[in-house]
Amino acid sequence: MYPKFHIKRYTKELVGPWKLATLAVGIALLILGSFYYGAPDWDIPISFIMAISAYLTAPWSMRVLLERKWRLWPLMLFFTWFTVDGCYAIYWHFKNPVVLDLMRSVNFPASLSLYGMCGIVWLYRGSLRQLASEIRNHFPLLGGNKK
């Protein structure tokens, strides 16, 4: 039996202002990158598709890894694969299969790295103020409580 998933708690996590702001900044950077680098497989729709997929799944996947929730590994691996490669392959299969054949192998490592970084950034469950307070409390030189 899989552990109970709390959709309300996870949804509350996702709508935190700092998380939504970082998602918006990330999407903006992806869109700018699509113009600047001119890679054949980097366009605006795939930037939105992959960024939103990562936003929805990366923190959960990272938590499954860090908390060693072994029973959830198959689902975590599926979500990771789907976000990093699956949605990309589906999109480019229909948009331009030649681009998919040309770029898929180089997209995977870059997207997997970004997915992991997004998981780390969005892993924290509290507000930005709470995070800053916890950091200060753990590092006395930053002005927090000495333990």
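Kindly rank 98-111, 73-86, 54-67 from highest to lowest mean number of other beta carbons found within 10 Å of each residue.
54-67, 73-86, 98-111
Between ALA24 and TRP81, what is 0.36 nm times their sequence separation minus the Cα-Cα distance? Round to one decimal in nm.
This chain segment gains 18.2 nm when fully extended.
Taking other Cβ within 10 Å of each residue's Cβ, how do CYS118, CYS87 sort, fewest first?
Lowest count first: CYS87, CYS118.
Taking only pairs that are 8 or more places apart or on different chains, how many Lys pairs in the chain have Cα atoms under 26 angstrom apart?
7
Pull out the extension gain between ARG63 and ASP101, defined as 0.36 nm times the separation in residues minus the alpha carbon to alpha carbon distance; nm, one decimal.
Going from the current span to full extension adds 10.4 nm.
Could you work out the percent of alpha carbon pairs in region 13-130 separated by over 18 Å, rounded to a whole number?
52
Would you mind classifying region 1-72 by shape? Square roots of the alpha carbon gyration tensor eigenvalues, ordered a ≥ b ≥ c; an a/c under 1.5 is rounded, otherwise it is prolate if a/b is larger than b/c and oblate if not.
prolate
For the residues TYR91, TYR115, what sequence is obtained by ranking on other C-beta atoms within 10 Å, fewest first?
Placing the least packed residue first, the sequence is TYR91, TYR115.
Compare the Cα positions of PRO140, LEU75, ASN107 along the charge dipole of the chain (+1 at Cβ of Lys, Arg; -1 at Cβ of Asp, Glu; about the Cα centre) and return the one farthest towards the positive end.
PRO140
Rounded to the nearest 10 degrees, what's the angle between the helix 17-37 long axis and the longest principal axis of the chain, both from Cα atoms, 0 to 90?
Once rounded, the angle reads 30 degrees.
Report the charge-dipole magnitude of region 13-130 in Debye, nearest 20, computed about the Cα centre from +1 at each Lys and Arg Cβ and -1 at each Asp and Glu Cβ.
For region 13-130, the charge dipole is close to 500 debye.
Every read-out reported here was derived from the displayed coordinates using simple, explicitly stated rules and does not represent laboratory data. If you're wondering where the values come from, they're calculated on a predicted model, not measured in any experiment. In this analysis, Cβ positions are derived from the backbone assuming ideal geometry, glycine residues included, and neighbour counts consider all displayed protein chains.
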